[in-house]
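Have a look at the structure below, then the notes.
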Amino acid sequence: MPGQTNPAGLPAPTEVQPDPQPRRPSFGILLDDDDLQVKRITRARRLEQAERLEEPDLDQPEERLEEGEHSRRLAMAGPALLSLAALALWAAGVARVNLREVNDLGLASVLPVQVLAALVLATAAFAWTLGQRPLRRSMLLLHVVTLVVMLYGMNAMVEPVPGPNILWRHAGIADHIATTGTVDPRIDAYFNWPGFFALAAFLSSAAGLDSIVQLAAAWVPVFFNLLYLGPLLLLYRRATPDQRLIWLAVWFFYISNWIQQDYLAPQALTYFLYLLIIGILLRWFGTDRSAWLAPARWLPWRPPLPSPATATMFHPLPVHGPSPRQPSARRAGLMAVVIALFAAAVPSHQLTPFAILAGVSALVIVRRCSARGLPFLMLIMVAAWMTFMSAAYLAGHLSILSGQVGQVNSIAAANVTDRLKGSADHQLVVQLRLALTALVWLLAFLGWLRRRRQGQDDVAFTLLAVVPFLLLGLQSYGGELLLRVYFFGLPFAAFLAAGLFLPVKADAVSWRKVAAVGLAGITLLGGFLFARYGNARIDHFTSAELAAVRHLYEIAPPGSLLLAATGDLPWKFQDYARHEYRSVPNLPDSGNGDLIKPVLGIMRQHRQPGAYLIITRSQRADTRARSILPPGSLHRLERWLRRSPRVQLVYANQDAQIYALRPGEALG
């Protein structure tokens with residue numbers, strides 16, 4: 001009894017009543033009087049679940065325990081072995097590719113079955129890992145790296161000479177800067193944005209190379225795509241804590257990135273800067289939780305608040321990200337990094353700074369970025385460069401640029417209609433590109449709908465996927481603007497598309513979902529092979545073609561006219577400003593089918609110091625595939641060149657011929 005004493009005179013201990021139910025780790029949603037706070041599942045609970053899955057049941061027979069251990073080892077090693085087997089099978093398959101047999105369908109027309117099987121195995125390995133518990137991110141990284149090597153290293157394995165032709169022009173600009181140490185904006189438009197070329201010139205000089213092309217140019221696409229992986233993970237981890245969704249979005253990005261803007265080009269580098277700037281702003285300058293859960297009243301969409309079950313496991317974007325109340329020194333340093341990255345993009349590319357400006361402005365307008373003054377600073381930087389550093393370009397092209405603003409019909413025609421011409425196979429490739437683009441956007445839209453119904457706030461990614469379409473009102477950008485719009489919006493469309501296949505509320509995915517992911521991946525990969533490598537017959541060059549161009553530079557004195565049947569050949573990599581470069585399709589009266597008169601006329605005008613016409617295998621393929629010249633006109637020109645007493649053949653090999661005027665004809 002309480003209050004009683006024992007014989008020793010001490011009070012009796014008070015009896016402690018046990019709790020009616022043992023306490024368990026708390027998780028889920030905690031409510032107080034001020035606000036609704038969302039808590040993640042506690043670490044103890046997750047460790048308890050993991051131990052329950054991994055600990056063997058000692059009551060089971062020994063044979064059954066051995067079978068379970070064997071299954072676990074297979075589950076751990078199986079995807080890795082499958083991925084490595086896919087890589088080996090791919091290497092063996094591409095070694096058998098014969099580019100001489102490529103038709104206008106591109107590289108897919110000659111790929112052996114081993115390459116196709118390797119891509120299927122790689123997809124199966126990734127889907128297998130995606131469905132495992134616990135999820136191993138190191139294994140997913142292995143699958144992604146393997147995929148990047150197989151998809152973007154194909155050119156390096158099959159082509160004796162790197163392509164496309166624009167790569168060689170970029171090497172020539174870098175060579176000019178490295179040789180002269182100066183930038184002359186009067187040469188052409190590229191010298192008005194010399195940032196990338198100055199960097200390439202520095203790298204080639206520091207490495208002691210004659211040309212930047214020697215710096216493993218064929219493997220540059222692999223390098224840049226692996227470089228994109230860091231910013232992609234930064235972006236996706238800001239959007240969701242679900243590692244499966246993050247890596248599936250990465251996978252979708254790579255199998256949908258068929259634009260081929262990852263070679264040795266300013267776009268490849270500035271695209272990395274674009275991803276990094278957006279990633280930093282969303283990660284460290286994103287708005288606080290209240291702004292995300294209570295968006296502006298005037299927005300056309302207002303995502304619903306997350307349900308308790310959804311919020312318990314997967315939080316909205318700002319919950320798991322860092323608080324915007326970062327130390328002022330850290331925020332200042334990060335903002336300085338963003339400004340420096342944008343300052344590097346402005347002098348390196350004409351279009352990417354406008355894409356960055358549009359994306360950042362959209363984030364600020366909808367209160368997804370707290371750096372409200374940044375768009376104004378970016379606008380001032382772009383305007384200053386265009387006004388003072390690109391004045392030479394604007395002086396000769398301002399009327400052309402301003403005349404295209406708002407001309408949506410003409411811009412659409414240049415980006416779509418004008419590309420739907422050429423051979424039947426080439427038109428099929430263009431149609432497949434359009435279909436693949438539409439498929440990616442359809443998956444993204446369906447994924448956006450599903451995530452929105454599950455309470456996910458994807459306003460930032462939705463805007464970043466859509467805002468690049470505003471660029472279509474500027475100009476045609478040489479008929480490539482629609483490609484760049486897709487390119488800038490792809491990282492965010494890929495994330496939304498991945499949300500269609502992975503549920504938000506589940507901690508794991510069923511094998512039905514895994515099968516759906518695998519099927520979607522194989523479908524997109526099939527379209528990728530045609531879309532990216534559909535111009536393989538045009539873009540690849542042989543060693544004989546490169547030898548002919550090198551010989552042309554040896555025999556042409558400074559100031560000569562170098563005339564090509566089309567611009568599709570590996571030239572301009574040296575003596576960039578020492579010669580005049582022209583192509584037959586750009587000559588007056590070249591569209592009437594009679595090329596003899598314009599070709600002979602311009603060669604006579606440049607008889608001193610010299611005029612040379614080069615025709616190669618790739619130019620013939622370009623003419624047939626894309627109908628750049630009237631049908632049969634190039635063949636008639638070559639027949640006349642072989643028979644005419646006015647010109648002479650000064651060099652020939654199996655893939656190229658060089659013609660020049662005879663000495664007597666030059667005087668006449």
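The values are calculated or read from the model by the stated rules, or taken from the named source; none is laboratory data. A quick note: this is a predicted structure, and the numbers were derived from the prediction, not measured. Cβ coordinates were reconstructed from backbone atoms using ideal geometry, including for glycine residues, and neighbour counts include every protein chain displayed.
Worth a mention:
- Residue within the stretch 578-586 that is touching a Phe, Trp or Tyr at 6+ places or on another chain (Cβ under 8 Å) and touching a residue at least 12 places away in the same chain (Cβ under 8 Å) present: yes
Quick grid of which residues meet (1) farther than 20 Å from Tyr533 by Cα; (2) assigned to a helix (DSSP H, G or I); (3) modelled with pLDDT of 95 or more:
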{"residue": "Leu74", "(1), (2), (3)": "yes, yes, no"}
{"residue": "Pro79", "(1), (2), (3)": "yes, yes, no"}
{"residue": "Trp90", "(1), (2), (3)": "no, yes, yes"}
{"residue": "Arg100", "(1), (2), (3)": "no, yes, no"}
{"residue": "Val115", "(1), (2), (3)": "no, yes, yes"}
{"residue": "Ala122", "(1), (2), (3)": "no, yes, yes"}
{"residue": "Phe126", "(1), (2), (3)": "yes, yes, yes"}
{"residue": "Pro134", "(1), (2), (3)": "yes, no, no"}
{"residue": "Leu151", "(1), (2), (3)": "no, yes, yes"}
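- Sole residue being buried (at least 24 other Cβ atoms within 10 Å of the Cβ), at pLDDT below 95 and within 22 Å of Val148 (Cβ to Cβ), chosen from Leu264, Leu215, Leu235: Leu264
- Of all residues assigned to the stretch 341-358, at least one qualifies as being at pLDDT 95 or above, among the small types (Gly, Ala, Ser) and either out of contact with any Pro (no Cβ under 8 Å at 6 or more places or on another chain) or surrounded by fewer than 17 Cβ atoms within 10 Å (Cβ to Cβ) (or both).
- Verdict on Arg283 being surrounded by fewer than 17 Cβ atoms within 10 Å (Cβ to Cβ) and either assigned by TED's automatic domain parsing to the domain that holds Phe495 or on the phi > 0 side of the Ramachandran plot (or both): yes
- In the stretch 363-371, the count of residues that are at pLDDT 90 or above, surrounded by 15 or more Cβ atoms within 10 Å (Cβ to Cβ), among the basic types (Lys, Arg) and farther than 19 Å from Leu269 by Cα is one or more.
- Number of residues in the stretch 485-531 that are under 24 Å from Gly279 (Cβ atoms) and assigned to a loop (DSSP other than H, G, I, E, B) equals 5.
- In this structure, Asp622 does not satisfy being surrounded by fewer than 21 Cβ atoms within 10 Å (Cβ to Cβ), closer than 30 Å to Gly534 by Cα and of a type in the set (Asp, Glu).
- In the stretch 526-571, the residues that are within 18 Å of Arg100 (Cβ to Cβ) and either surrounded by fewer than 21 Cβ atoms within 10 Å (Cβ to Cβ) or without any contact (Cβ under 8 Å) to a residue 60 or more places away in the chain (or both): Ser543, Ala544, Ala547
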